[in-house]
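Reading through the structure tokens given below for one structure.
The values are calculated or read from the model by the stated rules, or taken from the named source; none is laboratory data. Model, not experiment: these values are computed from the prediction. Glycine also receives a Cβ, built like all others from the backbone with ideal geometry; neighbour counts cover every protein chain displayed.
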Amino acid sequence: MKPLIQAKHLCKSYGTLKVLQNLDFELFESEFVAITGASGSGKSTLMHVLAGLDQADSGQLFFDGTAYPTHGSALDQFRNQQLGLVFQFHHLMPELTAFENILLPALIAGRTASEVEPFARELAERLDLADRLKHRPDALSGGEQQRVAIARALINRPKVVLADEPSGNLDRTRSEELYALLADARTTWNVSVVVVTHSDWLAARADRRLHLQDGAWT
Ligand SMILES: Nc1ncnc2c1ncn2[C@@H]1O[C@H](COP(=O)(O)OP(=O)(O)OP(=O)(O)O)[C@@H](O)[C@H]1O
Ligand SMILES: [Mg+2]
């Protein structure tokens with residue numbers, strides 16, 4: 001089977017600090033992969049590289065058999081349409097309502113609000129946000145903000161969701177909730193999921209679990 005994402009020999013350093021050391025990674029269709037590792041082991045760096053938000057110093061990246069676009073609008077468009085990102089600090093737009101935040105990637109993709117509203121409402125319903133949609137992020141709980149970020153990540157029906165769980169967040173309930181939402185998204189919308197987590201509970205439930213140490217798999 002052809003991998004959806006394939007990374008080969010990724011290397012990245014910050015000065016003398018080698019953060020990714022000749023790292024290979026594959027993600028297959030509708031797979032749920034969990035990445036664990038100590039703080040500073042390179043998890044977020046890898047996720048940023050897989051998301052096309054950051055470039056490796058060397059190595060190759062393929063999506064569905066084709067090399068990632070390297071920069072510019074092609075890269076922006078690729079990220080917007082193929083990937084859903086749920087990253088540490090959700091980066092919700094503070095001046096937009098929850099609903100507007102969910103719609104934003106679709107509007108950026110050139111779709112009209114009326115075109116995407118039905119799916120946005122379906123996502124909101126599914127993520128238990130239906131009665132929070134008029135609120136701005138600062139009026140939402142942390143869990144609600146996370147759910148808005150997940151809905152926003154799914155609005156363009158990406159093939160892959162990349163989720164980087166906040167490192168301080170070892171709260172079991174939140175991990176269970178995140179797992180339930182991502183697992184549900186996988187079966188409902190057939191997305192593949194890569195989640196970085198500090199939760200052994202969550203990692204144990206993934207199809208595949210990878211452990212990063214000093215920028216290499218162990
Ligand atoms: N922009 C940067 N400049 C210099 N060093 C960086 C930069 N970004 C990350 N690093 C360093 O690279 C290493 C890996 O960072 P990374 O954020 O990938 O770790 P992590 O595994 O996600 O950790 P955590 O579990 O705490 O989120 C760390 O030592 C970090 O300090
Ligand atoms: Mg991190």
Exercise for the section: Identify all residues within the stretch 47-68 that are in contact with a Cys (Cβ under 8 Å, 6 or more places away or on another chain) and either under 20 Å from L210 (Cα atoms) or assigned to a loop (DSSP other than H, G, I, E, B) (or both); write none if there are none. Expected result: A56, D57, G59
Exercise for the section: Would you confirm whether any residue within the stretch 35-46 is in contact with a Leu (Cβ under 6 Å, 6 or more places away or on another chain), more than 16 Å from ligand 2 (Cβ to nearest atom) and touching a residue at least 24 places away in the same chain (Cβ under 8 Å)? Expected result: no
Fill in the blank from the handout: Picked from the stretch 166-218 (must be of a type in the set (S, T, Y), over 23 Å from K12 (Cβ atoms) and free of Cβ contacts under 8 Å to residues at least 24 places away in the same chain), the residue nearest to ligand 2 (Cβ to nearest atom) is T173
Practice task
Please verify whether the stretch 161-179 includes one or more residues that are buried (at least 20 other Cβ atoms within 10 Å of the Cβ), within 13 Å of E31 (Cα to Cα), touching a strand residue (DSSP E or B) at 6+ places or on another chain (Cβ under 8 Å) and modelled with pLDDT of 90 or more.
Solution key: yes
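A quick yes/no check of all residues on (1) at pLDDT 95 or above; (2) not basic (K, R):
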position	(1), (2)
K12	yes, no
L46	yes, yes
V49	yes, yes
L61	yes, yes
H71	no, yes
Problem - the stretch 69-91, residues that are in contact with a Leu (Cβ under 6 Å, 6 or more places away or on another chain) and either in a helix (DSSP H, G or I) or surrounded by fewer than 18 Cβ atoms within 10 Å (Cβ to Cβ) (or both) - result: P69
Problem - Hits in the stretch 97-155 (condition: in a loop (DSSP other than H, G, I, E, B) and buried (at least 17 other Cβ atoms within 10 Å of the Cβ)) - result: T97, L127, L129, R132, L133, L140, I155
Practice task
Could you please give the count of residues in the stretch 120-141 that are in contact (Cβ under 8 Å) with a residue 12 or more places away in the chain, closer than 28 Å to S39 by Cβ and out of contact with any Pro (no Cβ under 9 Å at 6 or more places or on another chain)?
Solution key: 1
Problem - Answer residue from the stretch 1-23, given it is in contact (Cβ under 8 Å) with a residue 60 or more places away in the chain and either touching a Pro at 6+ places or on another chain (Cβ under 9 Å) or part of a strand (DSSP E or B) (or both) and is farthest from ligand 1 (Cβ to nearest atom) among those - result: I5
